[in-house]
Amino acid sequence: MSDIRDDARTGFTAAFGHEPDGLWSAPGRVNLIGEHTDYNEGFVLPLAIDRRTVVAVGLREDRVIRVASDFADEVVEIGLDELTPEVLTGWPAYPLGVAWALTEFGADLSAVPGLDLFIVSDVPVGAGLSSSAAIESAVALGLNDVWQLGLDRRTLARVGQRAENVAVGAPTGIMDQSASLLGAADHAVFLDCRTLETELVPLGLAEAGLALLVIDTGVKHSHATGGYGERREACERGAAVMGLSSLRDLTVDDLARAGDLLDDVTFRRVRHVVTENQRVLDTVAVLRADGAEAIGELLDASHRSMRDDFEISVPELDLAVETAVQAGAIGARMTGGGFGGAAIALVRIDDLSRIQVAVDNAFGEHAFGQPDTFVVTASEGAARN
Ligand code: GAF
């Protein structure tokens, strides 16, 4: 962490020729369980991870915002008065989209000073670990502080989501920004996406001799195109046919009726969301009663539901999950929006290396590219540091 803070500070000075006024950081996330439930006003249980994005921020005397990063060569510059989603493209749409989205939540930017922003990240991009939410959350917290806007973290999460939906064009839900802004060390964030109420649920992994292994398949995905939006539309269609404003209002007991009313594909999309909401509630209850060692079957069932009903897995994710479980993982599932990205496996620390080797070997045997496997820990949410 101190390394990327140093990189942010050094990069800022090299790009802009002056010192930053402060550094803000925000983590990526792993979703323990509760996939594609957020935009259905359901339940999710993500955790902030120990991979972060740092933004160095320096005040200017004019009304210009400049953004630069260590992952792009250009410095992008725009006047605060010209900030609209339509003019934003490429990676700068994430940080600059946040500056614009603040105005949608009551921030008055008519008299604030311009800024220089330099962004550094060690959250892998395209791995399903929410590198985009980490940028949005770090920038949202930083701008909220330097411009003294007084927005709370729940609102900042909505600001980040709005930037992603409108400026970036990905129709995503509220989970990732909430995890990044509200996460805490050793805890998962249990979020009700209808009320936006959160509870921190202790994970106790290290004490139980467990670890959370990420298996990044290297299969890149984007939620601004294709499957993600189609799944969201199917959920909305299913809710409309059932006469509901969202699938949150369906329970497992309603599925027989849903089966009578919906076509096969829409029914399976709906069944995933309904059963996944229940699995989140069950996971929270089991974590509290019996600890993480007892949630394996819920993780496995979540993966099967995403593979067979929601159809958002890919062969690499299925192989990662199957191999990890066969090699002794307590449970495993793909994490995030799907169509690529990463799986997670809950493992006993003693089994860790064996499971990593088994996954590497299996990918080799299938002639898939080598996955990147690493342990993550539940970490603090966004902070000034
Ligand atoms: C992506 C989205 F950004 C989240 O809002 C969520 O829908 C997730 O996919 C699937 O659970 O990470």
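The values are calculated or read from the model by the stated rules, or taken from the named source; none is laboratory data. Predicted model, so just to flag it, every value in this text is computed and none were measured. Because the Cβ atoms are built from the backbone with ideal geometry, glycine has one as well, and the counts that use them run over all protein chains shown.
Among the residues of the range 56-70, which ones are surrounded by fewer than 17 Cβ atoms within 10 Å (Cβ to Cβ) and either under 16 Å from residue 22 (Cβ atoms) or aliphatic (A, V, I, L, M) (or both)?
Hits for the range 56-70 are 59, 60, 64.
Conditions tested, residue by residue: (1) closer than 16 Å to residue 142 by Cα; (2) out of contact with any helix residue (DSSP H, G or I) (no Cβ under 8 Å at 6 or more places or on another chain).
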position	(1), (2)
11	no, yes
17	no, yes
39	no, no
57	yes, no
60	yes, yes
65	yes, no
75	no, no
90	no, yes
98	yes, no
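Show me the helices (runs of 4 or more DSSP H) found entirely inside the range 157-262 where at least 1 residues are of a type outside the set (Phe, Trp, Tyr) and in contact (Cβ under 8 Å) with a residue 60 or more places away in the chain.
Where helices (runs of 4 or more DSSP H) fall fully within the range 157-262 and carry at least 1 residues being of a type outside the set (Phe, Trp, Tyr) and in contact (Cβ under 8 Å) with a residue 60 or more places away in the chain, they are 175-182, 227-241.
Residue-by-condition table, conditions (1) within 10 Å of the ligand (Cβ to nearest atom); (2) at positive phi; (3) among the basic types (Lys, Arg); (4) modelled with pLDDT under 95:
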site: 134; (1), (2), (3), (4): no, no, no, no
site: 138; (1), (2), (3), (4): no, no, no, no
site: 141; (1), (2), (3), (4): no, no, no, no
site: 147; (1), (2), (3), (4): no, no, no, no
site: 151; (1), (2), (3), (4): no, no, no, no
site: 154; (1), (2), (3), (4): no, no, yes, no
site: 165; (1), (2), (3), (4): yes, no, no, no
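Any residue at all in the range 189-204 that's closer than 26 Å to residue 57 by Cβ and hydrophobic (A, V, I, L, M, F, W, C)?
Yes, the conditions are met somewhere in the range 189-204.
Condition first: of a type in the set (D, E, K, R) and within 16 Å of the ligand (Cβ to nearest atom). Now tell me which residues in the range 333-362 satisfy that.
If the condition is that a residue be of a type in the set (D, E, K, R) and within 16 Å of the ligand (Cβ to nearest atom), then 333 is the only one that fits.
Tell me which residues, restricted to the range 173-223, are within 24 Å of residue 273 (Cα to Cα), more than 15 Å from the ligand (Cβ to nearest atom) and of a type in the set (D, E, K, R).
197, 199
Hey, residue 299 hits all of (1) in a helix (DSSP H, G or I); (2) over 21 Å from the mean Cα position of the chain (by Cα); (3) not hydroxyl-bearing (Ser, Thr, Tyr) but one; which does it fall short on?
(2)
Say we look at the range 269-299 and pick out the residues that are charged (D, E, K, R) and surrounded by fewer than 19 Cβ atoms within 10 Å (Cβ to Cβ); which of these is nearest to residue 209 (Cα to Cα)?
Top of the filtered list is 293.
Just a yes or no: is a residue in the range 376-385 touching a helix residue (DSSP H, G or I) at 6+ places or on another chain (Cβ under 6 Å), over 16 Å from residue 333 (Cα atoms) and assigned to a helix (DSSP H, G or I)?
Checked against the condition, which is being touching a helix residue (DSSP H, G or I) at 6+ places or on another chain (Cβ under 6 Å), over 16 Å from residue 333 (Cα atoms) and assigned to a helix (DSSP H, G or I), the range 376-385 yields no hits at all.
Could you figure out which of (1) in a helix (DSSP H, G or I); (2) touching a residue at least 24 places away in the same chain (Cβ under 8 Å); (3) away from the ligand (no atom under 16 Å from the Cβ) isn't true of residue 109?
With respect to (1) in a helix (DSSP H, G or I); (2) touching a residue at least 24 places away in the same chain (Cβ under 8 Å); (3) away from the ligand (no atom under 16 Å from the Cβ), residue 109 is out only on (1).
Regarding residue 104, is this residue among the charged types (D, E, K, R), within 17 Å of residue 162 (Cβ to Cβ) and away from the ligand (no atom under 16 Å from the Cβ)?
In short, yes.
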